[in-house]
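Student: I am attaching a structure below and will ask some questions about it afterwards.
Every number here is computed from the coordinates shown, using simple stated rules; none is lab data. Please read these numbers as outputs of a predicted model, since none were measured by experiment. Every residue, glycine as well, gets a Cβ built from its backbone with ideal geometry; the counts of neighbours run over all protein chains shown.
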Amino acid sequence: MAWYKKFENQDKVFVEQNIFDNNELESYEPVYETNGVKKTSVLYYYENSEKERFYSLGLLENLNTDTSIVVKSDLSEILKFKTAKTRRKYISEIIRKNELKVVR
């Protein structure tokens, strides 16, 4: 089961452990290759009936796009950075910008 924390001071926005945990975030590769096919991680969220949004990282092929909304379809440029702090900084910027669009 996924583990989430509140994102900054926003009551209805949460990020999954693969974003807030340094070891997990640093474990992501910029590009994965499976059977000669290159894949990149995406940033996505899903929203529950209480209008709470839960952001996470994952591979597009593993998402249920009926319930998840892709915010950024290619994180390879961000994941080229080695430190979790730098990766999280750019991912957080994307989340903030997306939240400005969602709450309008």
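Student: By how many degrees, 0 to 90 and rounded to 10, does the Cα axis of helix 84-102 deviate from the longest principal axis of the chain?
Tutor: Orientation of helix 84-102: about 40 degrees from the principal axis.
Student: Same structure again: Can you give the FRET efficiency for Tyr32 and Lys6, using 1/(1 + (r/R0)^6), R0 = 35 Å, r = Cβ-Cβ distance, to the nearest 0.05?
Tutor: Approximately 0.75, to the nearest 0.05.
Student: Compute log10 of I(q)/I(0) for the stretch 4-102 with the Debye formula, placing one identical point scatterer on every Cα and leaving out solvent, at q = 0.16, 0.19, 0.23 Å⁻¹, to two decimals.
Tutor: With no solvent term, the Cα-only Debye profile gives -0.65, -0.92, -1.30.
Student: Still on this structure, please answer the following. Nearest 5 percent is fine: what portion of the DSSP beta bridges confined to the chain is antiparallel?
Tutor: 85
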